[in-house]
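Nothing in this text is a laboratory measurement; each read-out follows from the coordinates by a stated rule. Everything numeric here is computed off the predicted structure, so don't read it as measured data. So basically every Cβ, Gly included, is an ideal-geometry build from the backbone, and we count neighbours across all protein chains shown.
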Amino acid sequence: MKKILFLFIAVIFFAGSTFAAENYIDENITPEDFAVQQETPKDETIIHQKTIQEQINNIAFKLLNANKIDKRIVFVYDETAKKSLLKSIEDVTKRQIVLYKDDIQFIANDDELAGFLARGISMALKSYGGMCNGSLTSVQVKLAPKIYEIYADKRAVDFMVKAGYDPIGLITYINKAFPQKRFDMFSNTNLTSKRLAIIYEYIYTKYPYFLENNKYFETDSYQNFLLTSRYNRKLLEHKIKNNLHEELKYE
């Protein structure tokens, strides 16, 4: 009986060794390392892109639906850096908003992402009107954005509030993402400080609740905005105090 039992154990042992040897890539590899090799590696880049794309879609369609926007607009996340001006024009013509890697690094939360997307939606809607079924308008928006920047900023604030997002997120995003030029007289874009001042005045006038209950007040980005916008905010304070109605010349 003992001999039979011993023979049975021996057969199992050698069978197991043979099975293991056939499956190991390297005879010297440990079972733990072998187990790791057998796992299907996850493509972290694809998972990362999918997660960001899902977040973009969730916020984008919330903005569209809440504002009853019945025009089709596509939202795309691209891991590459920003594309050329020509490619950028093509994106607007196609009615698609592309969030590039250079953009996402400045976005910290849903409000800031909503601000980015809301501005894009405002621009994309321009491509649905005008000559050639909006094609020429799309080119105008890209080649002469200075005319449309302020309009897009204000409309983005409206879109954000309607969809339940805090419009101050647009201020913190722009404050982080857009550098300050020396002049805007000969530029095709407005000074960032001017854009921020106009957005601030628009929120102050139309949506004061968000400034009175400012959840961004203690953040470094918003504190930096307050620090760098003192002059423009004093102009607004003077305008309100004296019940003036002229358009301020922000710097």
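Can you list residues from other chains, or at least 5 along the same chain, whose modelled amide H is less than 5 Å from the amide H of PHE75?
Hits under the 5 Å cutoff: ILE97.
What does the highest-first list of 176-184, 53-61 look like by mean Cβ count within 10 Å?
Going by the mean number of other Cβ atoms within 10 Å, highest first, we get 53-61, 176-184.
Give me a comma-separated list of calculated 3J(HN,Hα) values for the stretch 196-210, in order, Karplus coefficients 6.51, -1.76, 1.60 applied at θ = phi - 60°, integers in Hz, x for any Gly or Pro.
5, 5, 5, 4, 4, 5, 5, 5, 4, 7, 9, 9, x, 3, 6
Greater than 32 Å separation of Cα atoms is the criterion. Which listed pairs, LYS101/LYS162; LYS50/LYS215; LYS176/LYS241; LYS68/LYS181; LYS94/LYS249, meet it?
Checking Cα-Cα distances, LYS68/LYS181; LYS94/LYS249 exceed 32 Å.
Based on the mean of other Cβ atoms within 10 Å per residue, sort peptides 115-128, 227-240 so the most packed one is first.
115-128, 227-240
Ranked highest first by average number of other Cβ atoms within 10 Å, how do 74-80, 244-250 line up?
Final packing ranking: 74-80, 244-250.
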